1. Could you check the stretch 206-231 and list, in sequence order, the residues that are aromatic (F, W, Y), within 29 Å of L159 (Cα to Cα) and open to solvent by 20 Å² or more (accessible area, probe 1.4 Å)?
2. Look through the stretch 131-157, keep the residues that are in a helix (DSSP H, G or I) and among the aliphatic types (A, V, I, L, M), and return whichever of them is farthest from E224 (Cα to Cα).
3. Among L147, L162, which is touching a residue at least 12 places away in the same chain (Cβ under 8 Å) and within 26 Å of L47 (Cβ to Cβ)?
4. For the stretch 106-128, what are the residues that are at pLDDT 95 or above and more than 18 Å from the chain's Cα centre (by Cα)?
5. Would you pick out the residues in the stretch 53-77 that are open to solvent by 40 Å² or more (accessible area, probe 1.4 Å) and either part of a helix (DSSP H, G or I) or in contact with a Gly (Cβ under 6 Å, 6 or more places away or on another chain) (or both)?
6. Quickly run through the stretch 78-111 and pick out the residues that are assigned to a loop (DSSP other than H, G, I, E, B) and either among the β-branched types (V, I, T) or surrounded by 24 or more Cβ atoms within 10 Å (Cβ to Cβ) (or both).
7. Using the structure shown, decide if F179 is open to solvent by 10 Å² or more (accessible area, probe 1.4 Å) and either part of a helix (DSSP H, G or I) or not polar (S, T, N, Q) (or both).
8. So in the stretch 32-66, with the set limited to residues that are touching a helix residue (DSSP H, G or I) at 6+ places or on another chain (Cβ under 6 Å) and acidic (D, E), which one is modelled with the highest pLDDT?
Amino acid sequence: MSSRPRAEKTASPETDVSEAIDQSQRADWSAYAKAYDLLSQHNPEYLAIQQDFEKYLGTIETPRRIYDIGGGTGNYTEIAARVFPDSEVILAEPDPGMIAAARAKLAHYENVRFENTGLEHLEADGMADLIVCVHALYAMPGQEQRLADLHRVLRPGGLIYLVDLGRYMDVADWRRYLFASLRKERGLIGALKVIWDGREIAKQNTAIFEAQKKGVYWTHSEEEFASAATAAGFEILRQDTVYRGYSDLLVCRAKNNCIGGEIEQ
C-alpha cells in the first residue's frame, strides 16, 4: 500500500450526513478509551505527532489559555500542561469513557480542567490563545460548522495545531505495520501480547473505516482540508501529511471574525 493513501470517497463538509445515521454506525469511543493509550505507547507514527506537537510548543509564546478539543484520554493535554505549567489547559471531550480516563491520568496537574462536552456546545467564544485538535474533527457532525466553531473559540490571532484523519483507515495495513514495529522492539511473543491487548483498537478502527465508507465520518484530501480551514477563517502557517499519509496536519492562525460571509481584516 502507498504511504500516502488517497481519500477514496470524500464526504463534503457542507453535508451533515452523520446526524441522520444511527449511532451504531460510529465507533464506540468509550470502548476505545480502555485500550487507546496503547496507541501512544507503541505506535511510532502516533508518537511522532506527539513529539512534533511538543516541539511546536517550544516555538511559541506562553499561551494564557489552551483548549484540547476532542481531547480523548488527554495525551496532548498532558504535553501542553507540562510544557506550560502557568497556562490554563482545558480538555473538552464529550465521551464519558474518554474523559474519565483523562481525569485519572491528569489528576496531578493543577492547571488542567475538564469540559465534558462537544465542540458545538463549548461556551468559550474568543477565549483560547491556542487550540490543539488531533484526530477528532473527522468524527464530529458537520465539519464546516465545526471548523467555524474552532475559529469561534480562538481569539483573533490565536493559533491552532490541527491534525485530522483524511483517508480511509486500512486496518490490515496498520496491523502489518504495527506488528512489524512491535516485533522489532519486543520480539515475537511481546508483539503478539500487545496486539492481543489492543484488539479493541483494531475493532474500533474497523468501525471507523465502515463509518468513513458510509460518509458518516469525513474523508478529505490535503487540498480539501486546507481549503475548508481557509474558508473557516484560518491562515495556514504550515501544512504536512502525517500518520503514514493517512492524516493531514495544519498549523494555523485565526483571522478576525467573519462578518457577512467575508473575513474582517
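The values are calculated or read from the model by the stated rules, or taken from the named source; none is laboratory data. This structure is a prediction, so every number in the text was calculated from the model and none was measured. Here the Cβ is made from the backbone with ideal geometry for all residues, glycine too, and neighbour counts use every protein chain on show. The protein model used for the area step is the full one, side chains on, heavy atoms only, and it has no ligands, DNA or RNA in it. Shrake-Rupley method; radii C 1.70, N 1.55, O 1.52, S 1.80 Å.
1. none
2. Per the criteria, the residue is V153.
3. The match here is L162.
4. Result: L106, A107, H108, Y109, E110, N111, V112, R113.
5. Residues satisfying the conditions are E54, K55.
6. E93, the sole residue that qualifies.
7. On the way: open to solvent by 10 Å² or more (accessible area, probe 1.4 Å): yes; either part of a helix (DSSP H, G or I) or not polar (S, T, N, Q) (or both): yes.
Against the criterion (open to solvent by 10 Å² or more (accessible area, probe 1.4 Å) and either part of a helix (DSSP H, G or I) or not polar (S, T, N, Q) (or both)), F179 qualifies.
8. Among them, the one singled out is E54.
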